[in-house]
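Q: Pasting a structure here, questions to come.
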Amino acid sequence: MESFKPLGIYIKPYRNLAVIAPLLMVVEVVCDLMLPRLLQTIVDQGIAQGDLTLVLRTGLLMILVTSIGAVGGIGCTVFAVRAAMNFGADLRIAAYRKVQTLSFGNLDKLGTAELVTRLTNDVNQVQEMVLMGLRILVRAPLLVVGSLIMAIITSPRLALLLIVLMALLILMLVVVIRRAFPLYTRLQERLDRVNTVIQENLSGARVVKAFVRGEHENERFRGANDALMGTSIQAMQLSVVTAPFMVLAINAGVVSVIWLGGIQTIQGSMTTGEIIAFVNYLRQTLMSLMMVSMLMMRISRAQASGKRVVGVLTSEPEVQDRPEAQAGFTPQGRVTFEHVSFGYNGGEPILQDVSFVAEPGQTVALLGATGSGKSSLTNLIPRFYDVNSGAITIDGVDVRDVPQAELRAHIGVALQEAVLFSGTIRDNIRQGRLDASEQDVIAAAQAAQAHDFISALPEGYDTQLGQRGVNLSGGQKQRLSIARALIRKPTILILDDSTSAVDVETESKIQAALAEIMRGRTSFIVAQRISTVLTADKILVLDDGRIVAEGTHHDLMASSEVYREIYESQLGGGTVTSDEVTHVNA
């Protein structure tokens with residue numbers, strides 16, 4: 001039960017419900033324990049002596065006791081359900097909020113599908129365990145102890161048989177539970193894999209169809225699904241095989257009690273009513289043990305899930321604010337990289353000894369082959385990741401000395417993969433600044449060359465977007481992503497290949513609009529098209545994680561062979577004049 005201790009704080013707000021539920025269950029258990037004794041009275045004192053009045057009076061008392069027990073059981077269920085459901089909702093919210101605090105590095109390790117499983121299936125398992133715990137975990141042990149005591153009072157000699165049967169069942173229970181926990185842990189891991197395959201397939205459905213990989217994906221899913229099925233069968237078999245053995249033990253006990261009790265009755269040392277009462281107490285005891293075994297199986301599964309949920313709740317963000325981080329950061333936009341090296345999760349360096357300065361208001365373009373480290377470099381400025389060595393400063397202040405939320409409030413980011421959310425177009429643009437006015441939304445859309453296509457939609461800015469903006473083209477999604485970044489009116493603007501999906505003409509219009517908007521703002525532009533970077537104040541050419549050339553277009557045409565090769569491969573040979581550079585982005 002150690003894995004559940006950190007989750008105890010989420011049941012505390014509902015401790016009144018969690019206390020009332022077991023108390024009501026005690027009422028039901030007490031009533032259940034009274035019934036066999038009342039039945040004994042009917043048989044021994046009513047039927048045996050022909051006292052029908054006693055039979056009727058005791059029978060009515062049994063109905064009253066049963067009714068009180070039913071009220072207790074129903075009340076326990078009501079309060080237990082309310083406590084467990086509220087606990088589950090709070091736990092799910094807490095885990096979700098924790099995910100929002102995690103760094104990119106944490107999310108890279110955990111994986112989207114695994115997080116979805118932990119926040120849904122695993123939380124549900126723990127929630128169900130709390131519900132069962134407030135009911136069966138109270139009822140079963142109380143019935144075991146109470147029935148055993150009543151059985152001993154009824155017939156101490158027959159109680160020895162009951163104790164032997166209990167010992168055998170408990171031994172079997174221990175063996176089963178020790179096998180169950182690793183099995184259920186593996187079951188949740190198999191479920192993770194199934195969810196991962198499903199998520200990857202659905203998010204990459206267009207790629208699957210384009211490359212006719214449907215059968216391959218079917219096989220991949222079949223493998224994951226078969227592994228889940230195999231582990232599920234093992235878990236179910238363990239549960240199913242246990243139950244018949246327990247039922248067999250119960251029935252063997254009943255037969256033994258009737259045989260031995262019958263002998264005692266013939267000898268005159270035991271009454272028929274006592275045999276009936278003892279049989280009922282035996283069944284209650286062993287059935288309660290059977291319930292405990294089923295509950296322990298569920299707890300084993302919930303324990304595996306609980307450890308996974310706790311793993312999320314106790315995860316520490318890899319990027320954290322320093323205790324001495326100072327608020328009130330108002331940058332002018334001078335960004336300095338000082339001998340920066342970086343590798344994902346401590347792996348092979350992606351960036352090595354990178355140093356440069358971006359002055360306030362400058363536009364810095366990053367150019368290089370795929371995998372050269374361009375996006376990784378820009379991810380370090382807003383501290384999506386932390387550098388492994390070196391430092392990044394803004395106006396001389398190390399970014400690690402600024403609270404993350406405050407740092408990012410001054411940075412606008414438009415990523416190559418334009419991630420949109422279900423909701424209206426207006427809501428998606430306002431993700432950049434929730435208090436933005438309608439005029440600000442329209443101005444940002446106009447600057448991103450998105451206003452025209454938005455206005456052409458039947459519902460304009462109120463158009464509802466599907467999941468991840470599926471009802472928009474790639475270029476339209478990128479323009480909304482740019483608008484979302486611009487509406488922040490940031491001091492530092494990062495455009496990570498954010499126009500790769502738009503045509504050259506639209507890109508030229510965006511560049512022209514951005515030229516005015518970026519005035520006074522430090523801008524970083526990651527680009528594959530060299531036409532995007534020609535007018536940049538500074539161009540950084542990256543190769544294998546290092547800056548191999550730095551300067552303006554004209555400087556690099558004269559000094560960098562790598563840059564010239566990129567230029568000639570895209571725009572043709574020779575050099576260009578300043579007028580021609582201006583014409584490219586006109």
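The values are calculated or read from the model by the stated rules, or taken from the named source; none is laboratory data. Note that the structure is predicted; figures quoted are calculated from it, not measured. Quick reminder, even Gly has a Cβ in these numbers, built from the backbone with ideal geometry, and neighbours come from all protein chains shown.
Q: Somewhere in the range 55-66, is a residue surrounded by fewer than 17 Cβ atoms within 10 Å (Cβ to Cβ) and within 30 Å of Met296 (Cα to Cα)?
A: Yes, because at least one residue in the range 55-66 is surrounded by fewer than 17 Cβ atoms within 10 Å (Cβ to Cβ) and within 30 Å of Met296 (Cα to Cα).
Q: Same structure, new question: For the range 438-455, check the following and say yes or no: at least one residue is over 29 Å from Leu571 (Cα atoms) and touching a Ser or Thr at 6+ places or on another chain (Cβ under 6 Å).
A: no
Q: Among the residues of the range 397-407, are any at pLDDT below 90 and among the basic types (Lys, Arg)?
A: No, every residue in the range 397-407 fails to be at pLDDT below 90 and among the basic types (Lys, Arg).
Q: OK, next. Please specify each residue of the range 48-61 satisfying the condition of being in a helix (DSSP H, G or I) and within 23 Å of Met270 (Cα to Cα).
A: Passing the criteria: Leu52, Leu54, Val55, Thr58, Gly59.
Q: Output the helices (runs of 4 or more DSSP H) that fall wholly within the range 347-448 and possess 1 or more residues being of a type in the set (Asp, Glu), or say none.
A: It comes to 404-409, 425-429, 438-447.
Q: For the range 263-319, give me each residue that is surrounded by 17 or more Cβ atoms within 10 Å (Cβ to Cβ), part of a helix (DSSP H, G or I) and of a type in the set (Ser, Thr, Tyr).
A: Once the filter is applied, which keeps residues that are surrounded by 17 or more Cβ atoms within 10 Å (Cβ to Cβ), part of a helix (DSSP H, G or I) and of a type in the set (Ser, Thr, Tyr), the range 263-319 yields Tyr281, Thr285, Ser288, Ser293, Ser300, Ser305.
Q: Could you figure out which of (1) crowded, with 18+ Cβ neighbours inside 10 Å; (2) not in a loop (DSSP other than H, G, I, E, B) isn't true of Gly333?
A: Result: Gly333 passes all but (2).
Q: Something else: Which is over 26 Å from Arg186 (Cβ atoms) and at pLDDT below 85, of Gly343, Gly347, Gly361?
A: Testing whether each residue is over 26 Å from Arg186 (Cβ atoms) and at pLDDT below 85 leaves just Gly347.
Q: For Asp32, state whether it is in the same structural domain as Leu295 (by TED's automatic domain parsing) and at pLDDT below 90.
A: no
Q: While we're here: Determine if the range 110-120 includes at least one residue that is closer than 25 Å to Leu24 by Cα, outside the structural domain of Tyr385 (by TED's automatic domain parsing), assigned to a helix (DSSP H, G or I) and in contact with a helix residue (DSSP H, G or I) (Cβ under 9 Å, 6 or more places away or on another chain).
A: The answer is no; no qualifying residue exists.
Q: Within the set of pairs 6+ apart or on separate chains, which have a first residue in the range 105-116 that is of a type in the set (Gly, Ala, Ser), a second that is crowded, with 17+ Cβ neighbours inside 10 Å and assigned to a helix (DSSP H, G or I), and C-beta atoms under 6 Å apart?
A: Pairs found: Ala113/Asn195; Ala113/Thr196.
Q: Please tell me if Ala210 is at pLDDT 80 or above and either among the aliphatic types (A, V, I, L, M) or surrounded by 12 or more Cβ atoms within 10 Å (Cβ to Cβ) (or both).
A: In short, no.
Q: If you don't mind, another one. Do we find that Gln45 is assigned by TED's automatic domain parsing to the domain that holds Cys76 and not in a helix (DSSP H, G or I) in this structure?
A: When the stated conditions are applied, Gln45 does not pass them.
Q: Further, regarding this structure: Residues in the range 442-474 that are at pLDDT below 85 and surrounded by fewer than 19 Cβ atoms within 10 Å (Cβ to Cβ): how many?
A: Residues flagged as at pLDDT below 85 and surrounded by fewer than 19 Cβ atoms within 10 Å (Cβ to Cβ) within the range 442-474 amount to 7.
Q: Checking Val175 against (1) at pLDDT 75 or above; (2) surrounded by 15 or more Cβ atoms within 10 Å (Cβ to Cβ), only one condition comes out false. Which one?
A: For Val175, the exception is condition (2).
Q: Still on this structure, please answer the following. If only one of Ser500, Ser508, Ser531, Ser578 is at pLDDT below 85, in contact with a Lys or Arg (Cβ under 9 Å, 6 or more places away or on another chain) and surrounded by fewer than 20 Cβ atoms within 10 Å (Cβ to Cβ), which one is it?
A: The unique qualifying residue is Ser500.
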